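Here's the structure we're looking at; comments come further down.
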Amino acid sequence: MSPWGGAEGTAGWAPGGTGSPQLCPPEGHLPSRGCRRLWLLQGIFPASLIRLKGAAVEQRGVEESTPMVQEITTTLREWATIWKQLYVAGQTERYGQVKRMMQELMEQRSQLLSGTLPKDQLLRLRKEVTGKMDYGNKILALDLVVRDEDENILDPDRTSVISLFQAHRRAAQTLTQRIQEETVRTAPGRGTHGAASPSHNLYLCVRNFVCHIGEEAQLFMALYDPGEQRIISENYVIRWASTGVPQDIELLNNLKAVFTDLGSTDLKRERLFLVCQIIRVGRMDLRDSHSRKLSTGLRRPFGISGGRDQREKVFSPNCAFSRVAADGDFLHNMIRKVVEGKDINHKGQGLWVSLKMLWGDLSQVRKDHPHLVDRSTAVARKLGYPEVIMPGDVRNDIYLTLVQGEFDKGNKKTQKNVEVTVCVCDEAGNVMQNVIHAGAGDSPTSHYRSVVYYQQRHQRWMETLKIAVPIEDVHRTHLRFTFRHRSSSDSKDRSERIFSIAFVRLMRPDGTTLRDGEHDLVLYKGDSKKLEDASTYLSLPSERNVSEPKLLSGSSFRVSGATPGLAVSTRDSFQISTLVCSTKLTQNVNLLGLLKWRSKPSLLCGNLQKLMNVDGGEVIKFLQDTLDALFSIMMEHSETDVYDALVFDALVFIVGLVADRKFQHFNTVLEAYIRQHFSATLAYKKLLSVLTQYMEQAGRGEPCESLPRTFKALEYIFKFIVRSRHLFAQLYEGKEVAEFQRSLQRFFLTLNQLMASPLEAPLPQSHYVACMAAILSQMDKEHYSTYIQAFPSRPELMDFLMETFILFKDLIGKTVYPGDWMVMNMVQNREFLRAINHFAATLTEMFLHNSDFELQLWNNYFHLAVAFLTQDSLQLENFSPAKRNSILAKYGDMRATIGASIRDMWYSLGQRKIEFIPGMVGPILEMTLVPELELRKSTIPIFFDMMLCENYSCPGTAELAVQWDPWAPLFPSLLSCCQSHPELAKPGEDFVRLVSELLERLLDYRAVMNDENKTYSMSCTVNLLNFYKEIDRQAMYIRYLYKLKDLHISYENYTEGAYTLLLHARLLTWSEESNAAPVPGPHSLQLHTQRQLKEALYNQIIEYFDQGKMWEEAIHICKELAEQYESHLFDYEMLSDILQREAKFYEKILKVLRPSPDYFAVGYYGQGFPTFLRNKVFIYRGKEYERREDFEMRLLSPFPNAEKLKSTSPPGQDITDSPGQYIQCFTVQPAEEAKVRLRGRSIPEQITNFYKSNHVQRFSYSRPFKRGPNDPDNEFANMWIERTTFRTAYPLPGILRWFVVTSTETIIISPLENAIETMMKTNEKIMSEINRHQNDPSLPINPLSMLLNGIVDPAVMGGFAKYEKAFFQEPYMQEHPEDAGNIEKLKDLIAWQIPLLAEGIRIHGQKVTEDLRPFHERMEQCFEQLRAKVESQYGAREMMFFEDRRSGRPRSIAWVPDWDQLSHAGARQVLHWGVLVVPSQPSLLSLPHSGPGAFLPPPHSSAFHLPFMPSASQGSVLPGHHGALSLWGAWRRDIPCAAPRLTWTVLSPEPSPPVPQTSPAELCPRWCLAECSCSQCCSSRSMA
């Protein structure tokens, strides 16, 4: 025997070696260590006997799998790129899935490279590898790979087209099975044969149980999901004797169970535990001695044992043990402690088990594993339904869980030891025998007793048991729960009686079963005998009504109509949970109505229609019963067609459910039903009739909503038809065959007519196209030549070529094969290309010269060639490098071939080229969009040739290029061609410049069009529409207007959308001219004239303005429409409607809250931004209530790499020229001047606020800085302001929410000017608050409190005392004599703040609550001190407030002081606030004004005149006076008061010079407007 184990060797010599030839060891083997050295030195045969012979090794053990290894390597490289992209995109689940598959492929690749696998294992491994790669390619949207039986990739050159097509179909069909195989992650040792099975089983074998209990025990083992914190399976019960062995000694070493019905969703759970609840049966306390009689047989909690494996969801062989620490621990809580993995010292105690996953349903498991699962193996089912319910799988299980309870101790000193006893009773109260199952492996019982917890008021059992009541008895049974206190002493325990009872019926009054979920049951107490009397409690409510308020603890009331002795105790509570798993009982009323349709035939139509609304899972659960009901309805109404369509629609609905991916496993159920249970012999007639009726209805063009669903269910509909006809033929010995054939013939004729209908033109069938490609692949040049010559006439040949070109173009444009059939698509393109080139030669030979030329035929050729070149399947740049290299190596770049053919065919046209201009400009331009350099270079001369042709045919009119939709990207080459021809130089230069500008905008648009954030798409769209407007391309301009509008509306920018539509509306006139440009939208066809379109646009604009709260703009549009309706169309009905809308807008302006938007300046600096943003500043209009932080987050989201600049100063050149991205953002304020018509008038602030923040083009930003010596005690003295004003290109709001800044201006504001601005803003703020509270007395007082208190008692900033210290001192006045005027203004502002504060404090005093009264009094004290100081230094100012009686609300006033008219003499000035209107019984006068200071006399004058016009509808001005009324006021300095007073005199309304008619004394006490000391006069304070 040779030293290599008997393997044969061959003598050979390595040419590169030295010495004599050596004997090579056999493939895959190495010499033993002892002889290795001898083998390296010399051979074992004499050299004279060795003859060298040439040999070539074709296959080696390792190289046999080389193609597969190479494919794995290529696949891994391709996946790796996508894998990184998945990580960047945040698709963590798919990322982890691909990672696992890549790791498995790398491991399997190593196994293939080892070359040590037997042939059968190698084949199995190859199938597993290819299945995994095919699945990965599918989920990553890669191409489908077709293989032969040995998993080798098919070579399209060695495979016929038909075989290749069939291989693709087989691969696509089997891929779904492989997807299922890969979806379920297999554990180690799990075979792939059962991976696709929807049913999984966990086999359990208990090896040993060691626990020092000392009493009998019960072990309850179940599967537990810690995520949901619930048990998901039935219990497997083992009764353990005190001797440490099972009570049934026959079960020793035979404790087996299988947990069934587990689905793929259960295997996907994050964690799954096997838990064992240990319950001892014996004394109340193990520590009790045996000296006295103790109660026994009590079920007491002892401990928990559990095991897990987090990685593979497989349980460890030995499970940890946890002992109940105290009587207060509930078993359910102990389970959570075990699964949390807390370390517990089990001291050698525990549960030893073996576990194994088994695949298939239970019958299959018993067949495949008879040594594991036999008749003695307990079966524990899942709590719930399996994924597939097979016909005949009758189940009627009700799972009951004792959740919790709370019991009062009553007259006992300690809490009760409550034991719950469960039994199933009929209507007479008889206990049904052996219907309660504690778990698998245990015998059924009639009563179930719960675990007893020691002296606990709140009990939490969480014990689950199964109620198996026969289906026919469910409607008359109920569950009864009795509660009893268990004592430790046997004597006391015997005397204990039932203290409470609860019950619940299994069937609801409407015939449905008890609903799933928790039930809060009513506890009844009373005499123990009456408690167990069913006739006593069955008439009472069993559950608490959730809507009723909870009764007080300890209350007890007697139920109305209840038997004396029964009462409801609300001190106690009891909750259970139920889960119904029944294939015969339903909880859905609509489904029940259909299943029991015979009981109420009148409701049959409604029940059939309501079936469509039933949950799909409920219908699938009762699939067989539902189908039986439908076909029984059809059979029993065979003489009428009333229910045929309804039954047919219901059947289609059910088939659609089965086809749903969620219920895809139920296909086997439906198939089994058709084969084994379906028995409707006449159903085929009804089904064919309704089906044909639907086809005819659709063929006539009538709406048929159910037709698409019917086509999807057609397979199973015909299976029902065929099965029904087969049963009918068996029953009636083949009768009515002719009638059946006629029905089928009618159906198929109708179907053919429908398919031929222009309503639904069918797509070409892929197998027909494959057959055509197969025929083309067999044809060579001689075949084409012979075929062309076979046409008898030239017109027939032309028709053939015309139809062939159209067919090829149609097949190329439509998706014949799925997108991942790359090989099939490339083979088809290769054959099409050969055919096109052969037909092109026929064109040049037979249809080019003189009268033989056919323009349309050549035109079709060019369009076909361009469509072939630009199809998606040939755009190699879009593919991965591996796919691109594979296509180039196998097929080459077919675009270059067809591109050269197009060029040659173009130049062969000669003088006929002009006939294809400009029609062929678009198709040829499409070629330039293909990013292939050589193709583009060959296309440019065609462009230039077109320009030359047009120029020579029409000299001096070379405007063709300007008329093109310019897309070409290589215009420098075209420009160089043009410059060589003088007559084309200038037009060519203009053309290139124009196109370059457009391309710049188009490239910007393309760069952002696919972004999730469409903000910058709006900017690019505006740039494009402005470009088209400049070159007068109205159609393109309008097209992009509507693109912009749609973007705005999608982001709820209704105001901007309205302004955008307004641009189109302004292009239209109020005339009956037809629309020049097409209008996008569904209603464009109905709007023929410009008037109709403009009216429709205006209505849409009004709606958008309304949604954007721009009611002022909507009013302008309403006025223009009203003018048209009133003066031109005389449509008073529309006029009434538009005026009503306008009135509503006026009302909204005053009543609807409309917050002013914030504006933000945003700068984009750095070369990393697109050109339309780079180094530009924009002003953005924020959304309602949008904070700057939220705006910045939204702003930075499209640029995650951008850096935010912290400074608000313009950045330097190092930032603007850097390659990075820097964003600067800060808030700016509108800086527009007040409207002239609003200035100085009494206008509500709801109106003025709108104009302050809208139609604004100038915005300011103020940056404070310090200059000069620093005063730590007074920062106002050197607080300078740098104010930058930005001017935008257009006012905001507009067609964008932002506009670029076109100019900036910066000014410096001195500390004194800053102080004046601050005081003005403070006064305006005070007046605004006063107006707000006068307009709406219900406003909260807190903002007013903070404002006033911050001024009259400034704790931090010091108030205007800081201004006095900084600017009113003599040194400052001497150093800055030029500021004397501004100092006087500041003093005057300080003085005017006092009356404003007085009014604010007065309002505050009226609204302040008693809790804040001390705060208000403190504020009044501070204000009195402040007023005394200010009036003594700067004079007194006073305001008199009067109420507007026209609308019943105060009028607001704008604070716009005119500093040139204000008196600074120190005298008391009176500012009257309001409008004078005298009602019929006047009690108060008010004065019109034009702002503060309007009622003050000019400087150095003693009297002034205020005319006003009263409202005629509200009474006369004064009794006996009508018409205009004048008020004369005079400064009275002779009144002995603290300061001069202003008195008023009412004058006559005659046009003559005013003469005093009424003195102030005559107006007293009701009409006096003078503020004097007269006791008969009303004081100004009372009037205010």
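The values are calculated or read from the model by the stated rules, or taken from the named source; none is laboratory data. What you are looking at is a predicted structure, and each value in this text was computed from that prediction instead of being measured. When we count neighbours, we look across all protein chains shown, and the Cβ atoms used for this are built from the backbone with ideal geometry, even at glycine. Side chains included, ligands, DNA and RNA excluded: accessible areas come from the protein's heavy atoms. Shrake-Rupley method; radii C 1.70, N 1.55, O 1.52, S 1.80 Å.
Taking the criterion of being without any contact (Cβ under 8 Å) to a residue 40 or more places away in the chain and buried (at least 19 other Cβ atoms within 10 Å of the Cβ), no residue of region 194-237 qualifies.
Within region 712-736, the residues that satisfy the criterion of being among the hydrophobic types (A, V, I, L, M, F, W, C) and buried (at least 17 other Cβ atoms within 10 Å of the Cβ) are Ala713, Ile717, Phe720, Ile721, Leu727, Phe728. Listed conditions (1) within 24 Å of Leu1063 (Cβ to Cβ); (2) in contact (Cβ under 8 Å) with a residue 60 or more places away in the chain; (3) open to solvent by 30 Å² or more (accessible area, probe 1.4 Å); (4) out of contact with any strand residue (DSSP E or B) (no Cβ under 8 Å at 6 or more places or on another chain) are all met by Lys1176, apart from (4).
Close Cβ contacts (under 7 Å, 6 or more residues apart or on different chains) running from residues in region 164-182 that are within 20 Å of Ala141 (Cβ to Cβ) to residues that are modelled with pLDDT under 65 and of a type outside the set (Val, Ile, Thr) comprise Gln177/Ala196; Gln180/Ala196; Glu181/Ala195; Glu181/Ala196. Are there any pairs, at least 6 apart or on different chains, whose C-beta atoms fall under 6 Å, with the first in region 747-775 and within 23 Å of Ser689 (Cα to Cα) and the second open to solvent by less than 80 Å² (accessible area, probe 1.4 Å) and modelled with pLDDT under 80, and if so, which? Partner pairs satisfying both residue conditions: Gln753/Gly699; Leu754/Ala698; Leu754/Gly699; Met755/Pro762; Ser757/Gly699. Pick from region 134-182 the residues that are modelled with pLDDT under 80 and either assigned to a loop (DSSP other than H, G, I, E, B) or among the basic types (Lys, Arg) (or both): which of them is surrounded by the most Cβ atoms within 10 Å (Cβ to Cβ)? Only one residue tops the list, namely Arg178.
For region 1404-1435, a residue qualifies if it is open to solvent by 10 Å² or more (accessible area, probe 1.4 Å) and among the aliphatic types (A, V, I, L, M), and the qualifying residues are Val1408, Leu1412, Leu1426, Ala1428.
The combined condition, being out of contact with any strand residue (DSSP E or B) (no Cβ under 7 Å at 6 or more places or on another chain), among the hydrophobic types (A, V, I, L, M, F, W, C) and within 20 Å of Ser689 (Cα to Cα), is not fulfilled by Val658.
Go through region 1148-1173 and count every residue that is under 15 Å from Gln1229 (Cα atoms) and without any contact (Cβ under 8 Å) to a residue 40 or more places away in the chain. Count: 1. Residues that are out of contact with any Cys (no Cβ under 9 Å at 6 or more places or on another chain), closer than 20 Å to Thr1284 by Cβ, outside any strand (DSSP E or B) and not small (Gly, Ala, Ser) within region 1163-1200 comprise just one, Asn1175.
Okay, residues lined up against (1) in contact (Cβ under 8 Å) with a residue 60 or more places away in the chain; (2) surrounded by 12 or more Cβ atoms within 10 Å (Cβ to Cβ); (3) part of a helix (DSSP H, G or I):
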{"site": "Ser851", "(1), (2), (3)": "no, no, yes"}
{"site": "Gln856", "(1), (2), (3)": "no, no, yes"}
{"site": "Asn859", "(1), (2), (3)": "yes, yes, yes"}
{"site": "Leu864", "(1), (2), (3)": "no, yes, yes"}
{"site": "Ala867", "(1), (2), (3)": "no, yes, yes"}
{"site": "Glu877", "(1), (2), (3)": "no, no, yes"}
{"site": "Lys883", "(1), (2), (3)": "yes, yes, yes"}
{"site": "Ile887", "(1), (2), (3)": "yes, yes, yes"}
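Evaluating Lys529 against the criteria (1) loosely packed, with under 15 Cβ neighbours inside 10 Å; (2) modelled with pLDDT of 85 or more leaves one unmet condition, (2). Whether a residue is among the polar types (S, T, N, Q), in a helix (DSSP H, G or I) and either at pLDDT below 90 or open to solvent by 20 Å² or more (accessible area, probe 1.4 Å) (or both) was assessed, and Asn829 does not pass this test. Note on region 66-111: among residues that are of a type in the set (Asp, Glu) and more than 37 Å from the chain's Cα centre (by Cα), the one that is nearest to Phe879 (Cα to Cα) is Glu71.
For region 111-120, does any single residue satisfy the condition of being open to solvent by 100 Å² or more (accessible area, probe 1.4 Å), modelled with pLDDT under 90 and not acidic (Asp, Glu)? The answer is yes; a qualifying residue exists. Only one of the numbered conditions (1) open to solvent by 10 Å² or more (accessible area, probe 1.4 Å); (2) not in a helix (DSSP H, G or I) is not met by Cys581, and that is (1).
Looking at Asp615, Asp641, Asp628, which one is open to solvent by 30 Å² or more (accessible area, probe 1.4 Å), at pLDDT 85 or above and more than 27 Å from Glu463 (Cβ to Cβ)? Going through Asp615, Asp641, Asp628 in turn, just one is open to solvent by 30 Å² or more (accessible area, probe 1.4 Å), at pLDDT 85 or above and more than 27 Å from Glu463 (Cβ to Cβ): Asp628. Need the failing condition index for Asp473 against (1) modelled with pLDDT of 85 or more; (2) in contact with a helix residue (DSSP H, G or I) (Cβ under 7 Å, 6 or more places away or on another chain); (3) over 30 Å from Phe302 (Cα atoms); (4) not β-branched (Val, Ile, Thr), just the number. Going through (1) modelled with pLDDT of 85 or more; (2) in contact with a helix residue (DSSP H, G or I) (Cβ under 7 Å, 6 or more places away or on another chain); (3) over 30 Å from Phe302 (Cα atoms); (4) not β-branched (Val, Ile, Thr) one by one, Asp473 breaks only (2). What number goes with the only condition from (1) out of contact with any Ser or Thr (no Cβ under 6 Å at 6 or more places or on another chain); (2) among the aromatic types (Phe, Trp, Tyr); (3) open to solvent by 30 Å² or more (accessible area, probe 1.4 Å); (4) not in a loop (DSSP other than H, G, I, E, B) that Phe1259 does not pass? The single condition Phe1259 does not satisfy is (3). Could you please let me know if Asn1382 is part of a helix (DSSP H, G or I) and under 30 Å from Gly1163 (Cβ atoms)? Answer is no for this residue. Note on region 681-714: among residues that are small (Gly, Ala, Ser) and not in a helix (DSSP H, G or I), the one that is nearest to Ala659 (Cα to Cα) is Ala713. Taking the condition of a type in the set (A, V, I, L, M) and open to solvent by less than 20 Å² (accessible area, probe 1.4 Å), does Leu682 pass? Answer is no for this residue. Annotation: of all residues in region 238-287 being surrounded by 17 or more Cβ atoms within 10 Å (Cβ to Cβ) and free of Cβ contacts under 8 Å to residues at least 40 places away in the same chain, the one that is nearest to Thr464 (Cα to Cα) is Trp240. Among the residues of region 365-405, those that are at pLDDT 90 or above and more than 17 Å from Val258 (Cβ to Cβ) comprise Ile398, Tyr399, Leu400, Thr401, Leu402, Val403, Gln404, Gly405.
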